[in-house]
Amino acid sequence: MIPYSLLDLAPVTEGSDIRQAYANTLDLARHAERFGYTRYWLAEHHNMPGIASAATAVLIGHVAGGTSTIRVGAGGIMLPNHSPLQVAEQFGTLASLYPDRIDLGLGRAPGTDQATVRALRRYHEGADAFPHDVAELLGYFRPARPGQPVRAVPGAGIEVPVWLLGSSLFSARLSAAMGLPFAFASHFAPDAMEDAMALYHRDFTPSARLQKPHAMLALNVVAAETDDEARRLFTTQQQAFTRLRRGDIGLVPPPIDDIDAWWTPQEKQGVEHALSCAVIGSPQTVKQGIAAFIDRHRPDELMLTANIFDHAARVRSFEIAAQAMRPA
């Protein structure tokens, strides 16, 4: 089977708080390490009460310091919000503290709303500046040259794997041109997945960082002892996604028994499409569903994610998913 990794947003649930969210994140990372996950990635979002991973590099350090072997990284850092030099310094620091365990995934979305973009005091100019910023950032990780006016300290000469993340052909094309690994956000934006994968593999140019293409797909996996219980747990994510589309951004809600009585038919259609890359069910259902997804799309690696209200149920879900990924 292919490597499997875990994407976490440090969710803050109704009735809980951010301190508990961070305790849960570290606990889940320690379990993921024991379950055989390759990477534990955290994603940058801002001005979202239900997501506590805004200071992504700080939280990565917390998780890496509390684990031993699992790779820890960003899935991702939203580069328009930061200067490339600062990102190189932050991840150079992390890679110095935790050698051969830190990943840096880069996205070009702001990870928030326009008012917060302005508060971050950076730009949001779309595609034009992002390739330049990625190239600048990669330059800071190369060994410093004599007379180089600006260098990342730490950062220069440190090996930090850099991934490009995306949900469109743009990121697939740029990843291929720059010879970088590529992660597609199929867990919430599946429409361009097949075209992006085909383009990335077709146009990939080997680089000093990567000799052959390496593509990761994200997959929602919610597992429980029965199909019915897994479907109930999944209603937390369905509600959260629907609320986001309504502009009702709050804490992560508990599951409900009848999702169809809660949302409109139009909301159901839109959210089920957005979350269509999902495997929900019992251990046997999950094993079959993951195998079918891999067989159809042929990723080099899977990034599994699950927005589950109860922490113990979330840990158990990722344990079942890990068992499904292992050979019989």
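The distance separating the Cα centre of the stretch 258-328 from that of the stretch 159-183 comes to 24 Å. Computed from the Cβ-Cβ distance with R0 of 35 Å, the FRET efficiency linking SER96 to GLU194 stands at 0.35.
Peptides 94-100, 144-150, ordered by how many other C-beta atoms sit within 10 Å of their residues on average, highest first, read 94-100, 144-150. The distance from the alpha carbon centre of the stretch 74-98 to that of the stretch 55-73 is 13 Å, rounded to a whole number. Computed from Cα positions, the angle between helix 56-65 and the longest principal axis of the chain comes to roughly 80 degrees. I need the calculated FRET efficiency for the pair ALA261 and GLU319, taking r as the beta carbon distance and R₀ as 41 Å, to the nearest 0.05. The computed FRET efficiency comes out at 0.85. Taking every Cα-Cα distance in the stretch 56-167 and sorting them into 5 Å bins from zero, the calculated P(r) comes out as 2, 12, 22, 23, 18, 14, 6, 2, 0 percent. Considering the dipole of the stretch 1-160 built from charges on the beta carbon (Lys and Arg +1, Asp and Glu -1) around the Cα centre, which of THR112, LEU79, GLY139 is farthest to its positive end? Of the listed residues, the answer is GLY139. The slack between GLU159 and SER276, meaning 0.36 nm per residue of separation minus the straight C-alpha distance, is 38.5 nm. Think of each Lys and Arg Cβ as +1 and each Asp and Glu Cβ as -1; about the Cα centre, that makes the dipole of the stretch 219-328 roughly 260 debye. Anisotropy class assigned to the stretch 219-328 is prolate, per the alpha carbon gyration tensor with a/c at or over the 1.5 cut-off and a/b larger than b/c. Available extension along the chain between ARG246 and LYS268 is 6.7 nm, counting 0.36 nm per residue and deducting the alpha carbon span. By the count of other C-beta atoms within 10 Å, a proxy for reagent exposure, VAL153, VAL271 are ordered fewest to most as VAL153, VAL271. Once the Cβ-Cβ distance between ARG34 and ASP295 is put in as r, and R0 is 22 Å, what FRET efficiency do you end up with, to the nearest 0.05? Approximately 0.20, to the nearest 0.05.
Available extension along the chain between GLN288 and ASP113 is 59.2 nm, counting 0.36 nm per residue and deducting the alpha carbon span.
With θ taken as phi - 60° and the Karplus curve 6.51 cos²θ - 1.76 cosθ + 1.60 applied, the whole-hertz 3J(HN,Hα) list for the stretch 80-87 is x, 8, 9, 7, x, 4, 4, 5 Hz, x standing for glycine and proline. Across the chain, the longest run free of exposed loop sites, meaning chymotrypsin sites (Phe, Trp or Tyr not before Pro) lying outside DSSP classes H, G, I, E and B with no more than 15 other Cβ atoms within 10 Å, spans 124-261. This model, with +1 at the C-beta of Lys and Arg and -1 at the C-beta of Asp and Glu, gives the chain a dipole about its Cα centre of some 920 debye.
Computed from the coordinates by the stated procedures, all read-outs in this text should not be read as laboratory data. Please read these numbers as outputs of a predicted model, since none were measured by experiment. Glycine also receives a Cβ, built like all others from the backbone with ideal geometry; neighbour counts cover every protein chain displayed.
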